[in-house]
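Data block below; observations after.
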Amino acid sequence: MTPAEVAAYPVETPHAGRDDPMALTRRRMAANGQWQPGQVAGRRWPIGCVALEITQRCNLDCTICYLSEISEAVPDLPIAEVERRIDMIHALYGPGTNLQITGGEPTLRDRAELLRIVRYAADRGLRPALFTNGIRARRPLLSALVDNGLVDVAFHIDLTEQLKGYDSERALHAVRSRCIEAVRGLPLAVYFNTTVFAGNLAEVPDIARFFVAHADVVNLASFQIQADTGRGIDRFRHDAVTLPRVEAAINEGADGALIFGQLQPGHGECNRYAMALVCNGRTHALAPDGGFAATMMDATQDLTLERRSPARSIARAARWLAAHPRHIGPTLGWVAGRGWAMRRDLWAARGRVHKLSFMIHNFMDAGALQCERLDACIFHTATEEGTVPMCLHNARRNEFILSRLRAHGDRPDAEPPFQLTPKTLKGRAKHPSGGSDGVGR
Ligand code: SF4
């Protein structure tokens, strides 16, 4: 896309006569060659999630960061504006929409306001998730957020954060374990986000192995490939860091049992996904027969499973099967097939099985956006007027994060005279030569 096309790309706005969001998504997927059996978007949900950036501030200075040089100096959205955007997201995509409460680092927001934001979203039937680097997301706060309706927490932990004393991804397992213990037993679905770049590609198998070993708490491991967008000092993706290479590295850490692509969330160049069963510390494919996975995903469009409670999910699935008897045979066949394939591990683990999903997210460089992928995007970010694909938001970030200040005359000439101070300087603005100092934890 040319800079003019990027600048003109439309914001998705709630308006009278807007079509059913699910139908809109199906049309988008079909128009971009992505509507095939196994396509999740337009079947399970109209949008994978919407990010709501409640602050642009962060307590880290990662070497790869999608925020902009001025982000740290931009005032937080007033609480009324945050709530207005939640209402807008509800109007656009409806109840049940996954809402990422993010930033910057959302836990830098006043605690009472953070609880209020989560409560507001949950009260409107959205599914609020806290996206955090974990530094301030300790158990008391997480527990209070759960009491206010939080359903998921996603920890971003990796070497780009340059945490003092951690010089390898394996060393960071101690930090990941602390996050896991902070949430263990809370009714939360737990995700981990890992940025993949040349500096940690070789350790991806070990990171995947760690999540397999903690599948009793971890529900989703998302690997996000570096993109040249934002303020980070490490800009360019190494040629070795490719989607197939990352897929193979994850599979190496998951006993080679993952089948990516059976279920496809959005565009195939954007996202790769595999769901697996973990038993006795070993990974097993959820469904070797891709057809069964796609058929059941399609058939169960009206079945909402409870991510935080496997028991309740199994009960709901059983009721659904009773109401759809033609699927009982294939499902029993699947159970028998998995049971036989996993018999030794099932025996050793006394029948305990956990579901673990792996996602690869392949963000686009800000200077190389592809319209087809934006049109089929399933990860949007909220703006003042509506939502846009995350890649586009990152490419036009200053425009979107300053629009409200311009519109409300707070800083009509918003484009810096922000005086970036040593405290607000981050990324390349702080390290024009590319060096950086670590942060203790
Ligand atoms: S955020 Fe970017 S990479 Fe991700 S789905 Fe949207 S367009 Fe694709």
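The values are calculated or read from the model by the stated rules, or taken from the named source; none is laboratory data. None of these values were measured; they are calculated from a predicted model. Cβ atoms come from the backbone with ideal geometry, glycine included; neighbour counts cover every protein chain shown. Surface accessibility is based on the protein's heavy atoms, side chains included, excluding ligands, DNA and RNA. Shrake-Rupley method; radii C 1.70, N 1.55, O 1.52, S 1.80 Å.
Between helix 204-213 and the chain there is an angle of about 60 degrees, using the helix long axis and the longest principal axis of the Cα atoms.
For the residues 368, 323, 429, a GNM of the chain with alpha-carbon springs under 10 Å puts the largest fluctuation on 323.
Mean-square fluctuations from a GNM of the chain, with a 10 angstrom spring cutoff on Cα atoms, peak among 52, 67, 425 at 425.
Once you divide the Cα radius of gyration of the stretch 1-59 by 2.2 N^0.38 Å, the number left is 1.45. Could you state the number of Å between the C-alpha centres of the stretch 1-70 and the stretch 266-343? If we compute the Cα centre of each part, the gap is 27 Å. From its DSSP helices (H runs of at least four residues, each -39,500 (n - 2.57)), the chain gives a residue-normalised ellipticity at 222 nm of -10500 deg cm²/dmol.
Would you rank 87, 152, 110 by solvent-accessible area, highest first, keeping every protein chain in place and using a 1.4 Å probe?
Most to least solvent-accessible, the answer reads 110, 87, 152.
The calculated FRET efficiency for the pair residue 59 and residue 403, based on their C-beta separation and a Förster distance of 22 Å, comes to about 0.30.
Ranking 325, 297, 279 by how far each Cα lies toward the positive end of the dipole of the stretch 276-345 (charges on Cβ) leaves 279 at the top. When both bridge partners sit in the chain, DSSP labels roughly 30% of those beta bridges antiparallel. Each of 16, 46, 35 was scored by the projection of its Cα onto the charge dipole of the stretch 1-56, and the greatest displacement toward the positive side belongs to 35; charges sit on the C-beta of Lys, Arg, Asp and Glu.
Suppose a student asked you for the relative contact order of the chain, using Cα pairs under 8 Å spaced at least 6 residues apart; what percent would you report?
So the answer I get is 23 percent.
Let me check something: with ligands and nucleic acids excluded, how do 239, 20 order by accessible area (1.4 Å probe), largest to smallest? Working shown, then result.
Numbers: 239 140, 20 75 Å².
The ordering from most to least exposed comes out as 239, 20.
Extending 7 Å from Cα along the Cβ direction at residue 184 and again at residue 429 yields two label points whose distance is 4.1 nm. Only Cα pairs under 8 Å and 6+ residues apart enter the sum, and on that basis the relative contact order of the stretch 357-410 stands at 29 percent. Using the Cβ-Cβ distance between residue 295 and residue 420 with R0 set to 41 Å, the FRET efficiency from 1/(1 + (r/R0)^6) comes to roughly 0.15. Please build a GNM for the chain, connecting alpha carbons under 10 Å apart, and tell me which residue among 251, 98, 59 fluctuates the most. Highest fluctuation of the listed residues: 59.
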